[in-house]
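Novice: Handing you this structure, nothing more for now.
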Amino acid sequence: MTATSLPPNSAPRVRVRANRLVLYTVLVALTGLFIGPFGWLILSGLKTPAELAASPVHWLPTTFQWQNFADAFNLIDFLGYARNSLIIALIYAVLVTLSSAWVGFGFARLEAPGKKTLFGILIGSMMLPQMITLLPTYLIFAKLGMVDTYWPWVFWGLAAAPYLVFLFRQFFAGLPRELEEAAIVDGCGYGMIFWRIFLPQSWPVLSASFVIAFTWSWGDYIAPQLLLSTDKSTLAVAVMTTYVTSAGTPVANLQAAASVMYVVPILLIFLVAQRGFVAGMSTTGLK
């Protein structure tokens, strides 16, 4: 072997390292792409209104305006709006997770005429834009006297969500048939089979579904704005509508600071449930 020759099996190692370098470069670029807007939001919350309106753009604030976060917190009943958002999000997330698990169990393990057709209609309903059902939804709840109450989120939660039903259906379809057959021999009905056997084993999908549903409800602006009064409204509505001048112009730096504090609970929930969320999304559909 000459001084310039490569040892055996070195070429595959070089290729592997090169592939890893490319992969890591792409991952870092994608991470920066997704984190970039949130980083810009944080910087916007630390600037003065003049710096936000400056042209050319001031990428970094001259002096970090930490007082913006205190002002954004104190100018409105921040904790009160956050409490309303938390109540609505927890009610909806818990109920829709359980109801979607029950419906997904039925589609996965029970046999009935037209089951595939019903499941296709359910999945097809995900393509309906929210704006199409907005007016009928409001009229229904207005007729029932549920406007300015939290009952709409209770009924939405009990009605299940098509995407979450799909997740649970795919997960339950992959569990062995012997589990329910053994339970039936022991005298269990399908209700007992669901609660005692299938649901305890579905914790990855339960975790993922809860995080998804909580995020949906916490980040919803349209439904609270349409159905709730100011006192019962959520933090999403307050952040978008209350930080304005007397002329109605938005105070962008305070909105940005409030938005950062508004996003923090979602980040904390995801970090706590990250393992279950990732496991649920990765195991769904595997048999």
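Novice: Tell me which residues, restricted to the range 231-287, are assigned to a loop (DSSP other than H, G, I, E, B) and either loosely packed, with under 12 Cβ neighbours inside 10 Å or at pLDDT 90 or above (or both).
Specialist: Asp231, Lys232, Ser233, Thr234, Thr245, Ser246, Ala247, Gly248, Thr249, Leu286, Lys287
Novice: Taking into account only those residues within the range 96-112 that are out of contact with any Phe, Trp or Tyr (no Cβ under 8 Å at 6 or more places or on another chain) and modelled with pLDDT of 90 or more, which is surrounded by the fewest Cβ atoms within 10 Å (Cβ to Cβ)?
Specialist: Within the range 96-112, the match that is surrounded by the fewest Cβ atoms within 10 Å (Cβ to Cβ) is Leu98.
Novice: Out of Leu164, Leu135, Leu144, report the one residue that is in the same structural domain as Leu90 (by the TED database), within 30 Å of Tyr81 (Cβ to Cβ) and surrounded by fewer than 12 Cβ atoms within 10 Å (Cβ to Cβ).
Specialist: None of the others qualify; the one that does is Leu135.
Novice: Give me the helices (runs of 4 or more DSSP H) completely within the range 36-142, filtered to those with at least 2 residues that are among the aromatic types (Phe, Trp, Tyr) and farther than 20 Å from Tyr221 by Cα, ordered by residue number.
Specialist: Output list reads 78-109.
Novice: What is the residue count in the range 14-38 for residues that are over 30 Å from Tyr262 (Cβ atoms) and either open to solvent by 100 Å² or more (accessible area, probe 1.4 Å) or not hydroxyl-bearing (Ser, Thr, Tyr) (or both)?
Specialist: Number satisfying all stated conditions: 12.
Novice: Still on this structure: Say whether the condition of being in contact with a helix residue (DSSP H, G or I) (Cβ under 7 Å, 6 or more places away or on another chain), part of a loop (DSSP other than H, G, I, E, B) and surrounded by 21 or more Cβ atoms within 10 Å (Cβ to Cβ) is met by at least one residue in the range 175-185.
Specialist: no
Novice: List the residue pairs whose Cβ atoms are under 6 Å apart, where the first residue sits in the range 214-243 and is in the same structural domain as Ala142 (by the TED database), the second is open to solvent by 60 Å² or more (accessible area, probe 1.4 Å) and not in a loop (DSSP other than H, G, I, E, B), and the two are 6 or more positions apart or on different chains.
Specialist: So the pair list comes out as Leu226/Tyr138; Val237/Gln225.
The values are calculated or read from the model by the stated rules, or taken from the named source; none is laboratory data. Note that the structure is a prediction, hence the values are computed from the model and not measured. Glycine also receives a Cβ, built like all others from the backbone with ideal geometry; neighbour counts cover every protein chain displayed. We work out accessible area using only protein heavy atoms, side chains counted, and drop any ligands, DNA or RNA first. Shrake-Rupley method; radii C 1.70, N 1.55, O 1.52, S 1.80 Å.
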